[in-house]
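One structure below.
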Amino acid sequence: MSVFSSKVLVVGMDGLRYDRLMELPAPTLKALMSTGAYGTSLLPYGEAGTPRTESPGEVVPKSPEAGDGGRVIRSRTDSGPGWSSIATGVWPDKHGVVDNGFASHQFTKFPDFLTRVKLARPTLTTAALFSWAALAEHGAFGPGIDHRLALDGYAIGWALADKQVTEAAERLLGTGNPDATFVYLGDTDEVAHDLGPHCPEYAAALEAQDAYLARLLAAIRARPSYPDERWTVLVTTDHGHVDAGGHGGTSDEERTVFVIANRLGEDLGGSPLRGPRLVDVAPTVLAALGVDLDPAWDLDGSPLDGSRADGSS
């Protein structure tokens with residue numbers, strides 16, 4: 001009986017609105033959806049009256065279906081809280097990041113999933129590559145990760161930074177031996193801030209990022225050891241945008257996020273995931289790599305598996 005080596009790739013596309021993803025050409029993402037599982041949920045936070053949102057309402061309590069016990073989480077729908085929730089598997093009231101300042105982060109108490117992988121199984125190799133340097137500077141993805149590339153999209157331009165991140169990740173996936181990899185692409189968010197998510201430039205940014213994802217998947221499938229590997233691929237975003245561009249508030253356009261889960265080489269037939277949350281990404285990675293979830297970690301998320309991909313509401 002064959003024993004497969006489990007590996008995981010997580011790709012984050014900043015500020016990608018799910019409705020625009022569904023409306024625009026994105027063949028790689030949609031192929032992952034058609035053979036995998038996917039779904040959306042609403043972020044359990046947002047601050048009313050934040051710049052460029054015009055979103056009515058108050059801070060949103062976590063939904064009862066999330067099993068949150070009625071917590072109220074005070075945080076902007078920003079990249080800092082979103083990616084910190086993805087990384088740690090807990091919401092902003094635990095990891096402490098409520099905006100892009102990272103001022104009160106608790107990453108020592110709630111480390112990222114790559115750091116947890118390394119602590120639990122030191123022989124595994126981890127990698128994080130991103131075009132938003134703040135994720136490294138503030139420790140959202142910690143210093144114990146084996147391979148880290150942090151580019152500054154603000155300094156060199158987001159389109160170029162994403163391209164260089166992809167090239168480095170492509171090399172690593174093709175010729176290295178990473179067991180758990182996170183790749184961040186940010187141009188969709190920056191374009192939406194400048195021009196909104198309905199402009200041709202946003203469509204072009206999504207098209208580029210979709211093509212970058214295709215290159216990463218091709219590098220994986222071309223690995224000589226690929227037949228003996230079991231790859232789980234997760235794609236997600238941190239928040240949406242209002243039509244005019246911008247986020248931070250409480251509107252559904254800002255709070256809707258998605259998770260796509262695919263096990264390469266298997267066909268799940270586009271199964272619907274029931275309300276996948278950002279905090280489910282980290283435990284899904286850990287479970288895929290055989291890392292037992294310790295209740296003492298106090299995670300808010302749970303692994304996305306067959307029990308949550310049955311299409312029930």
Against the 2.2 N^0.38 Å rule of thumb, the C-alpha Rg of the chain sits at a ratio of 0.91
Neighbours of C199 by Cβ distance under 11 Å: Lys/Arg at +1, Asp/Glu at -1, summed charge -2
Heavy-atom accessible area of E266, protein chains in place, probe 1.4 angstrom, given in Å² to nearest 10, is 70 Å²
V3 and R74 label points (each 7 Å along its Cα→Cβ direction) are spaced in nm at 5.2 nm
Placing each pseudo-label 7 Å from Cα in the direction of the beta carbon, H193 and Y18 end up separated by a distance in nanometres of 2.4 nm
For K163, the lysines lying under 24 Å Cα to Cα, once residues fewer than eight places off in the same chain are dropped, come out as K7, K30
Whole-percent carbon and sulfur contribution to the accessible surface of the chain (1.4 Å, no ligands, DNA or RNA) stands at 53 percent
Protection proxy (average C-beta count within 10 Å per residue), highest first, orders 5-16, 221-232, 179-190 as 179-190, 5-16, 221-232
Per the rule of 0.36 nm per residue minus the C-alpha distance, extending E201 to D243 adds in nm 13.7 nm
Sorted on mean Cβ neighbours within 10 Å (highest first), peptides 237-250, 276-289, 94-107 come out as 276-289, 237-250, 94-107
Under 14 Å by backbone N from the virtual spin label 7 Å along Cα-to-Cβ at R263, the residues of region 195-233 are 229-233
One finds, for S104 and D146 with R0 = 30 angstrom and r their Cβ-Cβ distance, a FRET efficiency to the nearest 0.05 of 0.60
In the chain, whole DSSP H helices that both stretch 30 Å or further along their axis by alpha carbon positions and average at least 1.6 on the Kyte-Doolittle scale are none
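The values are calculated or read from the model by the stated rules, or taken from the named source; none is laboratory data. All of these numbers come straight from a predicted model, not from anything done at the bench. Here Cβ is always computed from backbone atoms with ideal geometry, including for glycine, and neighbour counts include all displayed protein chains. Calculation scope for accessible area: heavy atoms of the full protein, side chains included, ligands and nucleic acids excluded. Shrake-Rupley method; radii C 1.70, N 1.55, O 1.52, S 1.80 Å.
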